[in-house]
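Reading through the structure tokens given below for one structure.
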Amino acid sequence: MPPDFLLVGAAKCGTSALHNALAGHPDLFLSTPKEPKFFLTDGPPPDSGGGPGDVPTWGEHVWRRADYEALFAAAPPGALRGESTVFYLYDPEAQRRIAKLVPQAKLIAVLRDPVERAHSNWAHLRGAELEPEADFLRALELEEERIAAGWAHFWHYAAQGRYGEQLDQLFSLVPREQVLLLRYRELRDDPVTTADRVCAFLGVPTGLIAGVPRHHVRPDVHGRTSGPTAAERAAALPRFAADLPRVAAHTGWDLSDWAQ
């Protein structure tokens, strides 16, 4: 059986924490692995090229439909089945495949300040000794060149954070009422209430998730030496300026903090 719901992104926005918390609910069944990546390809993923570390990551894809559906075979009777692949929101073809194969699935996305998200993404790959560029802004400058060269989604630091573009397409494919959008800061600051919002959206009892693993929800980068400097933030913001009004239109959120 295919899944009933998907956590579709965005990367570096606490999806792992939310996945692990929801997995503890008796009426929900979350896949192992967390990110099967099934909808990212139509057939086998690439086996060569890309950026540093991309080939091993592509090798992790569960791309055969029978293998994908087998991930949910152990779900208890009546439990809702779900998985969490953070690039589904970003990838337009993945959105189309989801709308075609599981048109009734409910979708959940956690969105984070795009500059903070991009920097966290870069820092993650830098810390994993995969990102060769030691300067965050220079890595942003290299993004289009890397995309053209076929580097995988995780390297698309700025593009992943243009949520407005992604939501424009998503809502042309999926009814708005099937999508729950959450702010990363809500998950960080009030994780239990946020998890209950997800449970209510999915139609399962609330009050059964006692906590969200904090080590998967990182503090805001403000005030952290590992976060972007004020100068880096100012230089990166123009990459998202045109997109922020689109996000606000879709969500109704006050994004003044994202625009500063």
**Request:** Kindly list, by first and then second residue, each pair from a residue in segment 52-74 that is without any contact (Cβ under 8 Å) to a residue 24 or more places away in the chain and within 16 Å of Phe29 (Cβ to Cβ) to a residue that is surrounded by 12 or more Cβ atoms within 10 Å (Cβ to Cβ) and acidic (Asp, Glu), limited to pairs with Cβ atoms under 8 Å and residues at least 6 apart or on different chains.
**Result:** none
**Message:** For segment 97-156: of the residues being of a type in the set (Val, Ile, Thr) and surrounded by fewer than 21 Cβ atoms within 10 Å (Cβ to Cβ), which is nearest to Pro46 (Cα to Cα)?
**Reply:** Ile147
**Item:** Failed item in (1) out of contact with any strand residue (DSSP E or B) (no Cβ under 9 Å at 6 or more places or on another chain); (2) more than 26 Å from Val62 (Cα to Cα); (3) among the charged types (D, E, K, R), with Lys100 passing the rest
**Value:** (2)
**Complete:** The helices (runs of 4 or more DSSP H) lying entirely within segment 162-208 that contain at least 1 residues which are without any contact (Cβ under 8 Å) to a residue 24 or more places away in the chain, over 17 Å from Arg117 (Cα atoms) and in contact with a Ser or Thr (Cβ under 7 Å, 6 or more places away or on another chain) are 191-202
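Could you check segment 143-161 and list, in sequence order, the residues that are in contact with a Phe, Trp or Tyr (Cβ under 8 Å, 6 or more places away or on another chain) and either outside any loop (DSSP other than H, G, I, E, B) or among the β-branched types (Val, Ile, Thr) (or both)?
Selection gives Glu143, Arg146, Ile147, His153, Phe154, Ala159, Gln160, Gly161.
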**Prompt:** Is there a residue in segment 27-35 that is among the aromatic types (Phe, Trp, Tyr), surrounded by fewer than 24 Cβ atoms within 10 Å (Cβ to Cβ) and either over 19 Å from the mean Cα position of the chain (by Cα) or closer than 24 Å to Leu181 by Cα (or both)?
**Reply:** yes
**Request:** Go through segment 1-27 residue by residue and tally those that are in a loop (DSSP other than H, G, I, E, B), within 14 Å of Ala195 (Cα to Cα) and small (Gly, Ala, Ser).
**Result:** 3
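Throughout, read-outs are computed from the coordinates displayed, never taken from laboratory work. All of these numbers come straight from a predicted model, not from anything done at the bench. Cβ sites come from the backbone with ideal geometry, for glycine too, and all protein chains shown count toward neighbours.
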